[in-house]
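These notes concern the structure reproduced below.
The values are calculated or read from the model by the stated rules, or taken from the named source; none is laboratory data. Keep in mind that what you see is a predicted model, and the values were worked out from it rather than measured. Virtual Cβ from ideal backbone geometry, glycine too; neighbours counted across all protein chains shown. Side chains included, ligands, DNA and RNA excluded: accessible areas come from the protein's heavy atoms. Shrake-Rupley method; radii C 1.70, N 1.55, O 1.52, S 1.80 Å.
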Amino acid sequence: MIEAEALEKRYGGFIAVDKISFKVKEGEVFGFLGPNGAGKTTTMKMIQCVSPKDFGKLEVFGMDVSTDQRKIKGLLGVMPQENNLDPDFSVYQNLLIYSRYFNIPQRKAENIIEELLDFVMLNEKKDTLTTLLSGGMKRRLLLARALLNNPRLLVLDEPTVGMDPQARHLIWDKVKKLRSQGNTIVLSTHYLEEAQRLCDRLVIMDNGKILVEGKPLELIKEYIGTEIVEAENNPAALSCLEKTSSKFEVVGDTIHVYTDEPQRVMNALLKECDFGKVIVRRATLEDVFLKFTGRKMRD
Amino acid sequence: MSYLSLPELTRSLWKVWFRNKDVFMKTFMVNFIPSFIQPLLYLFAFGFGVGNSIDLMDGVSYIRFIAPALIAVGIMEASFFECTFASYVRMYYQKTFEAIIATPLSIEEVIAGELLWGATKSVVNTIIMLPIFAFFGIIDFPSSLLLIPFSFLAGLLFAAIGMCFTAISPSIDTLNYPTFLFITPMFLFSGTFFSLSLMPDAIRYFALAALPLTHVVIIIRSLTLTRLDPFLYISFVWIIIATLIFFVLSINLMKKRLIV
């Protein structure tokens, strides 16, 4: 579906995407993760053929993004990060006018729109101006708009940004449904829970580079372990831990001990090291993410 | 990328035109009223106010002298404001262009569609004004009917010039500069409300060389007075060449701004 090799994008002297390579296969959900400014959106924009690449190779559906933009864009569905619905039109008109850009005949478009409005549960709002929709409804309408041309590849840039939990779960359900129908989906997100739930494979990016690539659960297992024991940070506990062979990391005023046997580690720590408060939790993609991208603030 | 490289355009650009037309039709009455009221105000203020103290201007009554200028100003303002403030809102605030270029349309086609729409606004403006002037009997027919197709060409010129400013304007507020430094002087010094022959040579040559409205007024006045101006053909060629240059330039400037 998508093949990138040594793909590079610069803005003046700044390297936004630094020689990355990846492949997206048919039928999978592929995620781009990374802090702000990591190069996720830039990469997605190159895939969408709206931002030209500078160096390297990027093919979508086996076509070059520099020469076959029109064909590629006709087969893509794009849900942008920022709302760009047409405020001058109602929900229904938004979809109808957008369908013209894909050369969908009006009669056919009307049928598709009915189906899509049902799919995103906006049929009751079809005559409402988009400016009067809630944030979650706008995102759902953007998803419906991205599906108008029955795309072979769906590109979702931060699909649930700024949504409440109910709306977010609804979008997740829709994405899962689309995936089960065999759609190929590329998404970028800041929400690691979202990535863990939805993505078959993902890459973590930072400073324009891909740091790691894999399946969410395998990444967690490989780099963190299945569980994390968290304990309060104090010098006695630290020196005690250093005598054991545990894998651990100090994060501010807590110590993270990575393990596959939380019960044994916790008991040992409580008995031998005199820890005050100890919490055991499952390792998540967030732990992998922070391990690779560090804890420094970005903006 | 050169500023004058020729854009690749397909018929798809009309879809952008249709989108704008659909918005326009939703609020047609609101759009209709200013085009209708403005020429009436000018006619009363200048025609009866100033006109009563002026015998003849260039050999015709003052009201017949300014009628073509009012049509020309209407053409200029309709497309210039459409492709500056209105296009800026669509580009920057509504992200309409961004939404459209995610489809098979290219940015070149989006801008070309905007320009053609701007020109259409000028035609609509002229169609609304013609009956008013006909009612007062101050323009000649049938020659004035040629103003309808001519409005599209002249409108396209001002649309393209406006779009160039939109492409380089850092914010919507800075679009006030071309309005006051370009549109207002043209409104006054393009042979609109007084004959260019009354002006010092320097201003007259400047108006002929650099103010597009001068040429638009020359052509429109020739049509409404059924009187051939010696400059008529030169003005027509001037407008065609300037339109082509600004059409291509505005598309390239917008591409430079939006495709990074």
**Request:** List the number of the failed condition for A:GLU26; all other conditions in (1) farther than 16 Å from B:ALA102 by Cβ; (2) open to solvent by less than 10 Å² (accessible area, probe 1.4 Å) hold.
**Result:** (2)
**Asked** Out of curiosity, is A:LYS57 touching a residue at least 40 places away in the same chain (Cβ under 8 Å), more than 7 Å from chain B (Cβ to nearest Cβ) and in contact with a helix residue (DSSP H, G or I) (Cβ under 8 Å, 6 or more places away or on another chain)?
**Response** no
**Request:** Determine, yes or no, whether A:ASP18 is in a loop (DSSP other than H, G, I, E, B) and either farther than 23 Å from A:THR184 by Cβ or within 9 Å of chain B (Cβ to nearest Cβ) (or both).
**Result:** no
**Prompt:** Quick one: how many residues across the range B:133-159 are under 17 Å from the mean Cα position of the chain (by Cα) and among the aliphatic types (A, V, I, L, M)?
**Reply:** 8
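For A:SER51, indicate whether it is within 11 Å of chain B (Cβ to nearest Cβ), more than 26 Å from the chain's Cα centre (by Cα) and hydroxyl-bearing (Ser, Thr, Tyr).
Numbers: within 11 Å of chain B (Cβ to nearest Cβ): yes; more than 26 Å from the chain's Cα centre (by Cα): no; hydroxyl-bearing (Ser, Thr, Tyr): yes.
Criteria not met by A:SER51.
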**Prompt:** A:ASN83 passes all but one of (1) more than 9 Å from chain B (Cβ to nearest Cβ); (2) open to solvent by 40 Å² or more (accessible area, probe 1.4 Å); which number fails?
**Reply:** (1)
**Complete:** Of A:GLU249, A:GLU222, A:GLU218, A:GLU194, the only residue that is touching a His at 6+ places or on another chain (Cβ under 9 Å) and not polar (S, T, N, Q) is A:GLU249
**Request:** Check whether at least one residue in the range A:73-80 is without any contact (Cβ under 8 Å) to a residue 40 or more places away in the chain, over 18 Å from A:THR160 (Cα atoms) and more than 12 Å from every other protein chain (Cβ to nearest Cβ), and report yes or no.
**Result:** no
**Residue identified as buried (at least 16 other Cβ atoms within 10 Å of the Cβ), at pLDDT 85 or above and not assigned by TED's automatic domain parsing to the domain that holds A:GLY182 among A:PHE275, A:PHE289, A:PHE248** = A:PHE289
**Message:** Take the residues in the range A:202-221 that are within 15 Å of A:THR43 (Cα to Cα) and among the aliphatic types (A, V, I, L, M); name whichever of them is surrounded by the fewest Cβ atoms within 10 Å (Cβ to Cβ).
**Reply:** A:LEU211
**Message:** Exactly one of these conditions fails for A:ASN233: (1) open to solvent by 20 Å² or more (accessible area, probe 1.4 Å); (2) not charged (D, E, K, R); (3) not assigned by TED's automatic domain parsing to the domain that holds A:LYS277. Give me its number.
**Reply:** (3)
**Prompt:** Are any residues in the range A:251-272 open to solvent by 70 Å² or more (accessible area, probe 1.4 Å) and over 20 Å from A:LYS221 (Cβ atoms), and if so, which ones?
**Reply:** A:ASP253, A:ASN267, A:LEU270, A:LYS271, A:GLU272
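Looking at the range B:6-25, can you tell me whether even one residue there is more than 20 Å from B:ALA86 (Cα to Cα), out of contact with any Ser or Thr (no Cβ under 9 Å at 6 or more places or on another chain) and either modelled with pLDDT of 85 or more or of a type in the set (D, E, K, R) (or both)?
Filtering the range B:6-25 down to residues more than 20 Å from B:ALA86 (Cα to Cα) leaves B:6-12.
Filter again for out of contact with any Ser or Thr (no Cβ under 9 Å at 6 or more places or on another chain), leaving B:6, B:11.
Checking which are either modelled with pLDDT of 85 or more or of a type in the set (D, E, K, R) (or both) leaves us with B:6, B:11.
Yes, the range B:6-25 has at least one match.
For (1) in a helix (DSSP H, G or I); (2) surrounded by fewer than 20 Cβ atoms within 10 Å (Cβ to Cβ); (3) touching a Gly at 6+ places or on another chain (Cβ under 6 Å), each residue gets a yes or a no:
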| site | (1), (2), (3) |
| --- | --- |
| B:PRO7 | no, yes, no |
| B:PHE32 | yes, yes, no |
| B:LEU40 | yes, yes, no |
| B:ARG64 | yes, no, no |
| B:ALA72 | yes, no, no |
| B:SER79 | yes, no, yes |
| B:THR84 | yes, no, yes |
| B:ILE100 | yes, no, no |
| B:LEU105 | no, no, no |
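Residue under question is B:MET129, and the condition is that it be touching a residue at least 60 places away in the same chain (Cβ under 8 Å) and within 14 Å of another protein chain (Cβ to nearest Cβ); does it hold?
Against the criterion (touching a residue at least 60 places away in the same chain (Cβ under 8 Å) and within 14 Å of another protein chain (Cβ to nearest Cβ)), B:MET129 does not qualify.
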**Request:** Report yes if some residue within the range B:138-150 is open to solvent by less than 40 Å² (accessible area, probe 1.4 Å) and under 26 Å from B:ALA86 (Cβ atoms); otherwise report no.
**Result:** yes
**Selected residue [at pLDDT 85 or above, among the acidic types (Asp, Glu) and farther than 16 Å from A:ALA38 by Cβ] from A:GLU232, A:GLU242, A:GLU193** = A:GLU193
**Prompt:** What number of residues within the range A:46-71 are part of a helix (DSSP H, G or I), out of contact with any Lys or Arg (no Cβ under 7 Å at 6 or more places or on another chain) and buried (at least 22 other Cβ atoms within 10 Å of the Cβ)?
**Reply:** 1
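Check B:ALA99, B:ALA112 and return the single one that is more than 14 Å from chain A (Cβ to nearest Cβ) and within 30 Å of A:LYS71 (Cβ to Cβ). Break it down stepwise before answering.
Values: B:ALA99 fails: more than 14 Å from chain A (Cβ to nearest Cβ).
Selected residue: B:ALA112, the only one of B:ALA99, B:ALA112 that is more than 14 Å from chain A (Cβ to nearest Cβ) and within 30 Å of A:LYS71 (Cβ to Cβ).
Quick one: would you say B:ILE138 is in a loop (DSSP other than H, G, I, E, B) and at pLDDT below 95?
Details: in a loop (DSSP other than H, G, I, E, B): yes; at pLDDT below 95: yes.
So B:ILE138 passes the test.
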**Pair list, Cβ < 8 Å and 6+ apart or interchain, from the range B:242-260 residues that are of a type in the set (S, T, N, Q) to residues that are not in a helix (DSSP H, G or I)** = B:ASN252/B:MET1; B:ASN252/B:SER2; B:ASN252/B:TYR3; B:ASN252/B:LEU4; B:ASN252/B:SER5; B:ASN252/B:PRO7
**Request:** Filter the range B:224-252 down to residues that are closer than 24 Å to B:PHE194 by Cα and open to solvent by less than 30 Å² (accessible area, probe 1.4 Å), then give me how many there are.
**Result:** 5
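Working only within the range B:86-95, note down all residues that are open to solvent by less than 10 Å² (accessible area, probe 1.4 Å) and either of a type in the set (A, V, I, L, M) or within 14 Å of chain A (Cβ to nearest Cβ) (or both). Reasoning before the result, please.
Going through the range B:86-95, the residues open to solvent by less than 10 Å² (accessible area, probe 1.4 Å) turn out to be B:87-88.
Within the range B:86-95, B:SER87 is the sole residue that qualifies.
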